[in-house]
Every structure is written in C-alpha cells, then in structure tokens.
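Sharing a structure here in structure tokens format.
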Amino acid sequence: MRIITPSHLLMIATGLLLTTVQVQSQTEKPQPLTMPLQCAQGDCTLLHGAPQTAGMRSGFVRLKTGETVGWHTTGKNEETLVILHGQGEALIDGQAKQPFIAPALVYIPPATRHNVANTSKEMLEYVYVVAPAKTP
C-alpha cells in the first residue's frame, strides 16, 4: 500500500490545476481584438489561430526593395494578402507573375505554392490572412 504524503497531494493538485487552465484556455471563445500595425522585423504575426481565433492566422509583412517572403504553401488553408503600401508581384507556381500596386488584394487558393516579391524602390507592406478552407 502506498502512502500519499502532503507533498504528493500538492503535486497532484498543481497538475490538475494546470490541466484545467490549459483546457479552459483552449475552449474559450475568440474575443474581438484591435491592434496597431507596427512591426520592427519583416514579418510579424498578428493572429495566432485557435484559441485566439476560430482557425484564422494573420500577420503584417514589410519587404525592402528586392526582398521576397520565400516560396511556401499554406497547405489546406486559403490566404488573402491586403496590400497596404508599395508594389510587387505575386509569384504563383506554374503561372505568370501577377503584378500589384497598393491598395490591392491578392487571393491564394489552398495547396498553392507561392511567393511575394517587392519590385519597387519603396517598402512593400501587406497584411496576410490565412484561414481553413472548406472542403467540397
């Protein structure tokens, strides 16, 4: 027979409390949010997905002349870019370059390999929003 000491009880209670806090934070409903678009680096996350949102992620990107974000895909998610300042190109795998000038919107379907390039002499600034796509 094992004897449960007060220190064991404290460890068990602490573990239960931490588990409860984690589960509560994962099940809380997303709340409205406002924030300034300020970014010291080139890419700053704004929304982090669940539990902060129902599945949407977002960030603010600043690219210097000639910079790109790099080729990537958002998997099963769709992505929208809201171009705030500057001009550039949306590079979509297998398609011609798609130039844009702010203000503009760029939509990228799910499972699409893509890149964004700043083709101007000024800073390119945009907000990206990535969300789970509905499956047909």
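The values are calculated or read from the model by the stated rules, or taken from the named source; none is laboratory data. As the structure is a prediction and not an experimental result, all values here were calculated from the model. Reconstructed Cβ throughout: ideal geometry from the backbone, glycine too, with neighbour counts over all protein chains shown.
Hey, can you tell me all the residues within the stretch 81-110 that are touching a Ser or Thr at 6+ places or on another chain (Cβ under 8 Å), closer than 18 Å to SER58 by Cβ and among the aliphatic types (A, V, I, L, M)?
The answer is LEU105, VAL106, ILE108.
Testing PRO110 on (1) outside any loop (DSSP other than H, G, I, E, B); (2) touching a Lys or Arg at 6+ places or on another chain (Cβ under 7 Å); (3) closer than 21 Å to ALA54 by Cβ, one condition comes back false. Which one is that?
Answer for PRO110: the failing condition is (1).
Do you know which residues across the stretch 93-120 are out of contact with any Gly (no Cβ under 9 Å at 6 or more places or on another chain) and within 17 Å of GLY66 (Cα to Cα)?
Listed by number, the residues that qualify are LYS97, GLN98, HIS114.
Something else about it: Checking the structure you have, find out if any residue of the stretch 72-82 is part of a strand (DSSP E or B), in contact with a strand residue (DSSP E or B) (Cβ under 7 Å, 6 or more places away or on another chain), among the hydrophobic types (A, V, I, L, M, F, W, C) and touching a residue at least 40 places away in the same chain (Cβ under 8 Å).
yes
Regarding the stretch 50-62, can at least one residue be identified that is of a type in the set (Val, Ile, Thr) and either at pLDDT below 90 or surrounded by fewer than 12 Cβ atoms within 10 Å (Cβ to Cβ) (or both)?
Yes: the stretch 50-62 contains one or more residues that are of a type in the set (Val, Ile, Thr) and either at pLDDT below 90 or surrounded by fewer than 12 Cβ atoms within 10 Å (Cβ to Cβ) (or both).
Being of a type in the set (D, E, K, R) and out of contact with any Pro (no Cβ under 9 Å at 6 or more places or on another chain) is the filter here, so list the residues in the stretch 62-79 that pass it.
Those that are of a type in the set (D, E, K, R) and out of contact with any Pro (no Cβ under 9 Å at 6 or more places or on another chain): ARG62, LYS64, GLU67.
From the list GLN22, GLN26, GLN41, which one is of a type in the set (S, T, N, Q), in a loop (DSSP other than H, G, I, E, B) and at pLDDT below 90?
GLN41
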